[in-house]
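A short worksheet on the structure shown next.
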There are 2 protein chains.
Amino acid sequence: MRSLGPSDLAVVEAMTRREVSLLPNRQIVGEGEIGLGLYMLTEGWAFRYRQVGERGRQIVDFLLPGEIIGLQASLLGVLEHSVRSLTSVRLKSYDPRLIAEAFEKSPALALRFARYVSAEAARSDALISAIGCCDAVQRLAFLMFSLYQRQSRNRVVDPRNCPFPLRRQHLADALGLTGAHVNRTINRLKSDGVVSINGRQLAIHDLPRLSELAGFAA
Amino acid sequence: MRSLGPSDLAVVEAMTRREVSLLPNRQIVGEGEIGLGLYMLTEGWAFRYRQVGERGRQIVDFLLPGEIIGLQASLLGVLEHSVRSLTSVRLKSYDPRLIAEAFEKSPALALRFARYVSAEAARSDALISAIGCCDAVQRLAFLMFSLYQRQSRNRVVDPRNCPFPLRRQHLADALGLTGAHVNRTINRLKSDGVVSINGRQLAIHDLPRLSELAGFAA
DNA sequence: CGTGGGCTTGATAGTCCTCAAGTCGGGTGG
DNA sequence: CCACCCGACTTGAGGACTATCAAGCCCACG
């Protein structure tokens, strides 16, 4: 993707508001919010989710540093999901009118936004496939591999020591499983020598195997 | 959404190619394709899906008349899924460069495309939630209700006689179930007086109940 | 040191899958 | 017009996978 020109950046600058920090597990945007929020996650992880019924929570995507929060909502004008911080995070806040402004004045920026939304959609589609067609081992492998790969795009990541701040319950809520079963499945992956989790780090012992289980053709 | 101006339509006109008809269950775009296709579905239904492993097929979305095929692929430049006709269809074909052209010359059109992709993404997210958190009855209710509602947006649809060209296997592949279990579940919905399927028509006997089961707050 | 949340583990049950056989209906050719 | 045929639908029995519930453990934290 081409980088943006000075005029594109000026559009962004004009709409930048302030920067805030949040503790883990705080609501960033949600169904209770007034108006639409538009943010960039400058540090830390977050996740997008939907409340299902009274007790069910479906995590739809994880958000990594550098990614945008609230783009879909700003485009559609309605809030179909909520976003929470997973770790401590730092957010840059923008005026949601930035979107409309970009489409009017900065085609390169608008195209970026559109591609960003498409990429999110592609991730959603991949998650649907994993949940719809795969068993617990494959689902976990899929999520672990995806998150490893997404982190690898921005910087070099040691597969044996990969940041992985998700708790069992996050994995469960993202993959349509229960915390208990996620745990059992992680044990199996560990005893099979594929991956292990220590604290908030993921250690990938057999990357080819993981990617194969994840459904990314070996 | 505001309607497009004459200059927007001119951009579309210039990129319009030809119109084609296809029989049911034909590949429209797929992993085997050369280049990216961009189409509008003028008549009939289609579905977007991903091949998972050797035998698994996950349907990610259904496409109704008036909807666009290949937008995500044209934006990202890669094909993450395939599209097939569900019924007989009629397609208008466009030059994929229409996308880039729109972003350069027609902000209103570009915004439309972006919103379209966002809406698709929102549907994907909703499907994730249904598959991840709901049992078979709720998943079926969700899909039936969604498709009824989408059709209702364009024209008046009789709930007792709603077009529904999906076979059991399509329902199964979309919802992460098997054809056999879809069938049993449909029987239960029928004996509970919620909906019934006759040929290619869906008859909704209890719309409030269906929407409640589907997770759309009663 | 007490406390609480997350993790771990076990027993049990339910949902859904697998496999397979039988039925139905629509299209085709004689 | 009827017999045939194939694909889709239907139904049943048994089994696999995962949920549910509950208890104990461990560690971080106050």
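Rule-based calculations on the coordinates, nothing more; no lab input. As the structure is a computational prediction, the values presented were derived from the model and not from experiment. All Cβ positions, even for glycine, are placed from backbone atoms using ideal geometry, and neighbour counts span all protein chains on display.
Evaluating kT/(6 pi eta Rh) at 4 °C and 1.567 mPa s, with the Kirkwood radius of the protein assembly as shown over Cα pairs in the Stokes-Einstein relation, gives 57 µm² s⁻¹. All C-alpha pair distances within segment B:134-214, sorted into 5 Å bins from zero, spread as 3, 16, 30, 30, 16, 4, 1 percent across the bins. In summary, the helical segments of chain A meeting the span-like criteria, namely a full DSSP H run, a Cα extent along the axis of 30 angstrom or more and a mean Kyte-Doolittle hydropathy of at least 0.0, are A:107-133. So if I take the centroid of the Cα atoms in segment A:1-20 and the same for segment A:88-144, what is the distance between those two points in Å? Between the Cα centres of segment A:1-20 and segment A:88-144 lies a distance of 19 Å.
For B:Thr42, the residues whose amide H sits under 5 Å from its own are B:Gly66, B:Arg90, B:Leu91, B:Lys92, ignoring neighbours fewer than 5 places away on the same chain, with H placed 1.01 Å from N.
Counted by Cβ distance under 13 Å from B:Trp45, the other residues give a net charge of +4, where Lys and Arg count +1 and Asp and Glu count -1. Distant-in-sequence amide contacts of B:Val60, defined by a placed amide H-H separation under 5 Å and a gap of 5 or more residues or a different chain, comprise B:Arg48, B:Tyr49, B:Arg50. For B:Glu54, the point set 7 Å out from Cα toward Cβ sits 4.6 nm from its twins in the other copies, listed from shortest up. When chain A is treated as a GNM with alpha-carbon contacts under 10 Å, the residue of A:Leu175, A:Leu111, A:Leu91 showing the greatest mean-square fluctuation is A:Leu111. With contacts taken as Cα pairs under 8 Å at a separation of at least 6 residues, segment A:112-214 carries a relative contact order of 32 percent. Extents of segment B:6-129, taken as max minus min of Cα coordinates on every principal axis and listed largest first, are 46, 32, 25 Å. Rounded to the nearest Hz, the phi-derived 3J(HN,Hα) couplings of segment B:53-60 under the Karplus curve 6.51 cos²θ - 1.76 cosθ + 1.60 (θ = phi - 60°) are x, 8, 10, x, 10, 10, 7, 9, where x marks glycine and proline.
Inter-copy label distances at B:Lys190, using a point 7 Å along Cα-to-Cβ, come to 4.9 nm with the shortest given first.
So how do A:Glu104, B:Glu67 line up by other beta-carbon neighbours within 10 Å, fewest first? Could the numbers behind the result be given before it?
Working: A:Glu104 14, B:Glu67 20.
With the sparsest Cβ surroundings first, the list reads A:Glu104, B:Glu67.
Here the dipole of segment A:134-214 is about 240 debye; that uses its Cα centre as origin and unit charges on the Cβ of Lys and Arg (positive) and Asp and Glu (negative). For q = 0.07, 0.11, 0.12 Å⁻¹, what log10 I(q)/I(0) does chain A give under the Debye formula with an equal point scatterer on each alpha carbon and no solvent? Normalising to I(0) and taking log10 leaves -0.23, -0.57, -0.68.
Mean partner shielding of peptide A:148-161, defined as the number of other chain Cβ atoms within 10 Å of each residue Cβ, is 0.
List B:Met144, A:Met40 from most exposed to least, where exposure is judged by having the fewest other Cβ atoms within 10 Å.
Working: B:Met144 25, A:Met40 20.
Fewest-to-most ranking of B:Met144, A:Met40: A:Met40, B:Met144.
Between B:Leu207 and B:Gln27, what is 0.36 nm times their sequence separation minus the Cα-Cα distance? Round to one decimal in nm.
Details: separation 180, 0.36 × 180 = 64.80 nm, distance 3.41 nm.
That pair, B:Leu207 and B:Gln27, stretches by 61.4 nm at full extension.
Shown for A:Pro24: label points 7 Å from Cα along the beta-carbon vector, and their distances to the equivalent points in the other copies, 5.2 nm in ascending order.
With a cut-off of 8 Å between alpha carbons and a minimum separation of six or more residues, what is the relative contact order of segment B:1-72 in percent? Kindly include the intermediate steps, with their values, before the conclusion.
Details: 62 pairs, mean separation 19.4, N = 72.
Taking the mean separation of contacting Cα pairs over the length of segment B:1-72, I get 27 percent.
For the protein assembly as shown, the 222 nm mean residue ellipticity estimated from helices alone, with every DSSP H stretch of n ≥ 4 adding -39500 (n - 2.57) and the total spread over all residues, rounds to -14000 deg cm²/dmol. Shielding of peptide B:49-59 by partners, expressed as the average count of other chain Cβ atoms within 10 Å per residue Cβ, is 5. When the charge dipole of segment A:97-208 is built from unit charges on Cβ atoms (+1 for Lys and Arg, -1 for Asp and Glu) and taken about the Cα centre, the candidate among A:Phe164, A:Leu143, A:Leu177 whose Cα reaches farthest toward its positive end is A:Phe164. Projecting the Cα atoms of A:Gly66, A:Leu213, A:Gly199 onto the charge dipole of chain A, computed from C-beta unit charges around the Cα centre, puts A:Gly199 farthest toward the positive end.
When you restrict to C-alpha pairs under 8 Å that are six or more residues apart and normalise by the size of chain A, the relative contact order lands at 20 percent. Averaged over the residues of peptide B:106-117, the number of Cβ atoms from other protein chains lying within 10 Å of each residue's Cβ is 6.
On the principal axes of its alpha carbon atoms, segment B:67-187 extends 52, 31, 25 Å, with the longest extent given first.
Here the residues B:Glu120, A:Glu19, A:Glu212, ranked from fewest to most Cβ neighbours within 10 Å of their Cβ, fall in the order A:Glu19, A:Glu212, B:Glu120.
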